[in-house]
Structure formats: C-alpha cells, structure tokens
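Beneath this line is the structure, given in structure tokens, with notes to follow.
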Amino acid sequence: MRKFSAAILGLLVFSTAQAQWKQISSQSEPSLQRGLEHRYIVVEDSAAGDRASLELAVFSTKSCRVRIIDQPNEPRVDLEEIVSPGSFLAGVNGGYFDPDYKPIGLLIVDGTMIAPLQKARLLSGVLSASAKKVQISRVAEFSMSQKPDAAVECGPMIVDLGKSVRGLESTRGARRTFAAVGAGDKAALGFCSDVTLADLSNILAAISIPDFKIQRALNLDGGSSSAFWFKRANGSAFSIAEQKPVRDFVAIVPR
C-alpha cells in the first residue's frame, strides 16, 4: 500500500481537549424529491464562543439511494459540473486518494470494485449502499456478501452508537465532509466549516434534526477536497466547491 501523506496521518494525532458545542439555529428547505431536505445548522462552543456551520442533505432511503461517481482519468471536473446536468439531487466529495489519484481504500462504483479494502488505522469505516439500505460499517464488520452497489472506505469514524468518538485529533481545524446514518431509513451527507475532528464528532452527536438521530458518522476526505451540492425544489442549486480536483464523489439520486 502507498504511504499516506503527512496531512492524512495528522488526522490520527490524539488530544484530550474538548469543546462544548450547542446548536443555536437550524433552517431547512425541500428538494425536488420527496424524503430529501437541505438542513443548515449553526452551532456554538459555549466556552470559547467559536461558531461553526453545517450543511446536510438528509434523506430517506425509501425514496433516495446513494451512488458513487468516479473520475479515474483527466480531466477531473468539480462536483457542481458533474452533477448539475443529470438526475442527481445532492452530493459531497468522497474518499482519500494518493498523489496519482489512485483510491486509498475500498471503492465500489455501480457494483464494480475499483479498489480493494485496505487495512490501515485511518481507514476505520465503510459507507456502503445496496438496493435496500445505506449503512456505515466498521471495516471488521463489512463483508462483500452484502453485495453493495456503491461503497467507499474512509475514516475515522466520528460518531458511533449515537455518541462522539474519543481520542480524535483536536488541534487542526479544516473544512470537513462526512456521511451519517440513523435508525430506520434515514441517512445524510454533510459538510462542516473549519473544525477539528474532535469538534465535528461532538457537534454531530449533539445536534438535533427532526426524525433523525445520528447513530454513526464517517469522516470523508476533508480540507481542500471538501465539497457540497444540493438541488433545491425550484431547480436552482446550493453549492460549496472543492478547492482542488478529487478522485470521486458520493451522490444522492432518486430511487
């Protein structure tokens, strides 16, 4: 396996500092698709007074499904350019990749394995989707017998069993993207303004979304790779662009 960059390995630095995050506002707007909405949430660290904002595409797996969009070759376009023309409803950037744009970790696109599962400390979870469900599994729990149509291996896990994960890096703030699942048929793709991984974990465990309590959340490739796109009910789009080309995207499409 290729060596991880120093930036990726930096995600594994441990620290004990914690902030106390509280949700202070929330807004929502509908999508063209029933069962999908855009949530904008602002949170505040009551101790330091810092604020962060989140964009979430919250969806029902009864009406929407997850699809991976791969860009194995140049030219690699940004998220908005690749999803705007099609039937896509929302999306974020996907998993890690090396300097040659080869995926780091499992990548499955339309039922075809592009890159195999890898064992590495950072790659602690798999976001996968089959005909009936979307799930986030720890690597040890994941099995190809589930026959996923789409999957991306990434990490670290940032929420587990509805609680924040201890020991995450707490000194380096950056833009973040993530996937989350709740009980029943609810799941989400999301973007967060500059925070540490420890902060993101605490934020996601604390926020309140009607009918959606996050049970598991998996960090995706963040920093300059972070992107978010959502198609509004009127056909216009809300978009936050990535700051560099990426290998793949995670998108929401109608079922």
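The values are calculated or read from the model by the stated rules, or taken from the named source; none is laboratory data. Fair warning: this is a prediction, and the values are worked out from it, not measured in the lab. Neighbour counts are summed over all protein chains in view; Cβ atoms, including those assigned to glycine, are modelled from backbone coordinates with ideal geometry. Each accessible area value is taken on the protein alone, full model and side chains, heavy atoms only, with ligands, DNA and RNA left out. Shrake-Rupley method; radii C 1.70, N 1.55, O 1.52, S 1.80 Å.
A few comments on the model shown:
- Considering only ASN73, ASN202, ASN93, the Gaussian network model of the chain with Cα springs below 10 Å gives its largest mean-square fluctuation to ASN73.
- Taking the Cα centre of the chain as reference, the dipole from Cβ charges on Lys and Arg (+1) and Asp and Glu (-1) amounts to some 680 debye.
- Percent carbon-and-sulfur accessible area, the chain, ignoring ligands, DNA and RNA, probe 1.4 Å: 49 percent
- Estimated from helices alone, the mean residue ellipticity of the chain at 222 nm is -1500 deg cm²/dmol (sum of -39500 (n - 2.57) over DSSP H runs with n ≥ 4, per residue).
- Simple spin-label estimate for SER25 and ALA47 in nanometres, 7 Å along Cα-Cβ: 2.6 nm
- Here is the tail figure for region 21-139: Cα pairs spaced more than 20 Å apart come to 58 percent of all pairs.
- Taking a Cβ cut-off of under 15 Å around VAL165, the surrounding Lys, Arg, Asp and Glu residues balance to a net charge of +3, with basic ones at +1 and acidic ones at -1.
- Summed side-chain charge close to GLY111 - residues other than GLY111 whose Cβ falls under 14 Å, Lys, Arg +1, Asp, Glu -1: 0
- Just checking the listed ones, GLY111, GLY222, GLY190: in the Gaussian network model of the chain with Cα springs under 10 Å, the one fluctuating most is GLY111.
- Calculated P(r) of region 114-176 - Cα pairs past 13 Å, %: 67 percent
- Region 30-44 and region 122-200 have their alpha-carbon centroids 19 Å apart.
- What the Kirkwood sum gives for region 196-245 is a hydrodynamic radius of 13.3 Å, with every pair of different alpha carbons counted.
- Solvent exposure of the chain amounts to 44 Å² per residue of accessible area, where only protein heavy atoms count and the probe is 1.4 Å.
- Highest-fluctuation residue, GLU153, GLU29, GLU37 considered, GNM on the chain with Cα pairs under 10 Å: GLU29
- Global size of region 86-226: 14.4, 42 Å for Rg and Dmax (C-alpha atoms, Rg to one decimal, Dmax whole).
- Farthest toward positive dipole pole in region 176-255 [+1 Lys/Arg, -1 Asp/Glu at C-beta], among GLY184, PRO245, LEU220: GLY184
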